[in-house]
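Please read the structure below before turning to the comments.
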Amino acid sequence: MLLKYARLFCEEIKRAGARPALYMVWPSRGRFADFDRSNESYALAAKENGAMLLPVGEAWRAAWREDASLALYSSDNFHPSPAGSYLAALVIYEQLFGQPARAELDARALSRLNLTAQQARTLQSAATAVTTVTPSQDPAQPKMIRETLMSGGKTRRYYLYVPSSIATDKPLVVLLHPSRGDGSYLVSKWQDLAEREGILLVGPDALNSEKWSAPADGPDFLRDAVEAVRAKYSVNPRRLYVFGYSAGSGFAINMSLLESEYFAAAAAFASVTFREQYANVATRKAPFFFTVGVDDPVFPVAEARAQRDALKARGFPVEWKELPKAGHDYDGNSVVVNQAAWEFLKRHELSAAPQYTQHEFKR
């Protein structure tokens, strides 16, 4: 039925000289198992009719994966609540205009939408995660692009930010998101700095948004994403870096230990953890920079200091920054954290071409 009427409507729209857009809806409350069938039907209808797809239904599912408490339905259990309408508007805006809608909402707007500030950010991230974000068709303008590739037999997603600078041999930073995040989150926080400094940003999605794990998420997937970018853009191969926040922090450290001759340096915020077996196989003493909040309730600063000292005792160069009165929150500290991380990273460069090591992991 959908395919039949989509074709009829799209034909009328095209006759009027316009391009059709299909608004992907969502199943009614309690029928979440229908998400896949609904989304696939809309995607097929859009493809067959040359229509733009507005993946609102997919955004609803992405948002619930991050926060199951989000009230997106109205009282009839089908139509959207104010928060659901806000999410739909985000998807439509990003798909039509090709740029992320990341404005901070004031207290009045949050109250009308019945959202917390964190929930609003979750909806913004969900919208970006399901749309193809390309801020401009002008190649001279910066852009964040959602890309996919095959890695380990699976289709994997990452977000790419390309600065407008025409300089060759750009440095590249891989950004590893926190639990319940996605690759667009850190890319959006780094992009102003990246534009000023001429940095390529790669924000991969973990296979399970709750956590990063090896070998599912790396090092092979990270290498594959980096090499895909190197195939398209001028990248300085000796200036490949990795940065992580919270759950992404420990993974950034561990990936730098496993691939110490591939990544030139690593930086992290709000968590300092590493696996001893990974440190044991490092063939180069990779340099690290850590920023921590003194009042972090999730990963106490005393534990972070102990991990720092353990790395230093193994001979790894470590630089350190503590933020007084700061906790685990990244949004409020991102400008300071990112700038400090970049000032450290840009000082480091491999002495030779990067060497990637293929590791065997116990199943």
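Read-outs: derived from the displayed coordinates by stated rules, not from any lab. Worth saying up front: this structure is predicted, and the values here are computed from it rather than measured. Please note: Cβ atoms are built from the backbone with ideal geometry, for glycine as well, and neighbour counts cover all protein chains shown.
Peptides 104-115, 216-227 ranked from most to least packed by the mean count of surrounding Cβ atoms within 10 Å: 216-227, 104-115. Each peptide among 234-241, 247-254 gets the average number of other Cβ atoms lying within 10 Å of its residues, and from highest to lowest they stand as 247-254, 234-241.
Summary of the geometry: the stretch 32-59 and the stretch 275-354, compared by the centres of their Cα atoms, lie 42 Å apart.
Residues in the stretch 145-152 carry Karplus couplings, in order, of 10, 8, 10, 10, 8, 8, 9, x Hz; the curve used is 6.51 cos²θ - 1.76 cosθ + 1.60 with θ = phi - 60°, and Gly or Pro positions show x. Computed over the stretch 2-130, relative contact order equals 22 percent, with contacts defined as Cα pairs under 8 Å that lie 6+ residues apart. Note on the stretch 48-191: Rg/Rh from C-alpha atoms, Kirkwood Rh, equals 0.99. Summary of packing: across the peptides 78-90, 199-211, the per-residue average of other C-beta atoms within 10 Å ranks them, highest first, as 199-211, 78-90. Note on the stretch 265-310: along the principal axes its Cα atoms extend 35, 19, 14 Å, ordered by decreasing extent. Charged side chains reduced to their Cβ positions (Lys and Arg at +1, Asp and Glu at -1) give the chain a dipole of some 420 debye around its Cα centre. Estimated translational diffusion coefficient (Stokes-Einstein, Kirkwood radius over Cα pairs, 10 °C, 1.306 mPa s) of the stretch 21-76: 133 µm² per second.
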